[in-house]
Amino acid sequence: MDDELDVEALRAQTPGCAHRTHLNNAGAALMSTATLAAMTDQLQLEATIGGYEAAARAEEHIAATYLALAELVGGRAGDIALFDNSTHAWNAAFYSVPLRPGDRILTGRAEYGSNVLAYLQVARRTGAEVVVVPDDDAGRIDLDALADLVDDRTRLIGLTWVPTAGGLVNPAAEVGRIARAADVLYLLDATQVVGQLPVDVAALGCDMLTGTGRKFLRGPRGTGFLWVRPAALERLDPHVVEIRSATWDGRRSFRWADGARRFETWENSYVNVVGLGSAVRQALDLGLEPIARRVRALGERLRTGLDGVDGVRTHDLGADRCAIVTAAVAGRPAAEVAGALAVRGINVSTTVAEHNQFDTENRGVHPLVRFSPHYFNTEAELDDCVAAVARIAAAAA
């Protein structure tokens, strides 16, 4: 196992490790003491001097959040917009793409449920067509099929890099090369990637990328962000305009804010923004390459252990897989398994068919139990979890 990270020190800086085995980091990870302190200091400042005044006092920390996110994805601070969650960030990007009858949106079977609903709504409104690209033999988006489907009607390729319901890692950079060759806008949902795997928007070739703070970045809930390639801005029409995103020109028109800030809204929880900046900085300081090596190894250890239990089967697709592990226990509903693990002090989650619509059309496997370790989890915790699942499976046999 990778020894580049001081796991014991990281656990000592993570209060939640003291009383739970937290394997729900794809849902909401445990915050560190540094992030908690940054947020409580800002909240105390708001209570002491006022919200507007505290935001002004924290201007340097707020700017540092934009800079840290830009460093995280390989962009510039002006290319980053902040949101209260990743779905709102994704919506801001998607609904800004002009679509007409006959236009096509290409996406994969691993697409996140909220994204699918947005595609369907816009198709109903505009007459655009949603085309689901098939999987290849490994369960990834089929690159040859995607290339064949791209035509002069294609306006957008939307891809979820890592799905919410499994360990699959889609070939996001290869999709980007197809999008660039065809000059088609490419929206990449990196919600389950940021903080778990390295991100480089130049190598990915995407035009828009979205992420959240609460998952593998270990930031607070209520945070999300959007990165937009500057060259794509002229092809996008933000679906909301307000005093943060635009400036009145003194007559009967307005000018968009520069860069990605044209997608933002004025009000923010600056307590959360400061916390997000702290969490991103921690990930950058630890290094995304060491983090990725450890979480991949933990995911594979857990996957192998669960597959070795009688009556348990994992269901993760792809040749390249990450820390998210999904499994079913014969004879026990996923919710019951999750509840039984919770009684034992192990946090997990479950998948839902309605949140994985295109995957469900192709595979009738949901709901599943979802396990998602992070770098602060220990090998002993994973082994204890596998043993607990084995006891649950034996009781159901």
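The values are calculated or read from the model by the stated rules, or taken from the named source; none is laboratory data. Please read all numbers here as calculations on a predicted model, not as lab measurements. All Cβ positions, glycine included, derive from the backbone under ideal geometry; neighbour counts span all protein chains shown.
Observations, loosely collected:
- Residue match in region 361-381 (condition: outside any loop (DSSP other than H, G, I, E, B), among the hydroxyl-bearing types (Ser, Thr, Tyr) and within 20 Å of the chain's Cα centre (by Cα)): yes
- Qualifying residue in region 350-359 (condition: part of a helix (DSSP H, G or I) and more than 30 Å from Ile141 (Cβ to Cβ)): no
- Contacts under 6 angstrom Cβ, first residue in region 348-369 being assigned by TED's automatic domain parsing to the domain that holds Ala330, partner assigned to a loop (DSSP other than H, G, I, E, B) and among the basic types (Lys, Arg), 6 or more apart: Phe358/Arg109; Asp359/Arg109; Asn362/Arg109
- Cβ pairs under 7 Å, 6+ apart, first in region 326-347 and assigned by TED's automatic domain parsing to the domain that holds Asp310 and of a type outside the set (Val, Ile, Thr), second part of a helix (DSSP H, G or I) and at pLDDT below 95: Ala330/Ala396; Gly331/Ala396; Arg332/Ala396
- Failed condition for Arg244, given (1) among the charged types (D, E, K, R); (2) outside the structural domain of Gly205 (by TED's automatic domain parsing); (3) assigned to a loop (DSSP other than H, G, I, E, B): (2)
- Cys322 meets all of the listed conditions (1) of a type outside the set (Phe, Trp, Tyr); (2) farther than 30 Å from Glu4 by Cα; (3) touching a strand residue (DSSP E or B) at 6+ places or on another chain (Cβ under 9 Å) but one, namely (2).
- Within region 144-170, considering residues that are free of Cβ contacts under 8 Å to residues at least 60 places away in the same chain and closer than 24 Å to Glu300 by Cβ, the one surrounded by the most Cβ atoms within 10 Å (Cβ to Cβ): Thr160
- Index of the failed condition, Leu298 passing every other in (1) in the same structural domain as Ser349 (by TED's automatic domain parsing); (2) in contact with a Lys or Arg (Cβ under 6 Å, 6 or more places away or on another chain); (3) under 23 Å from Arg218 (Cα atoms): (2)
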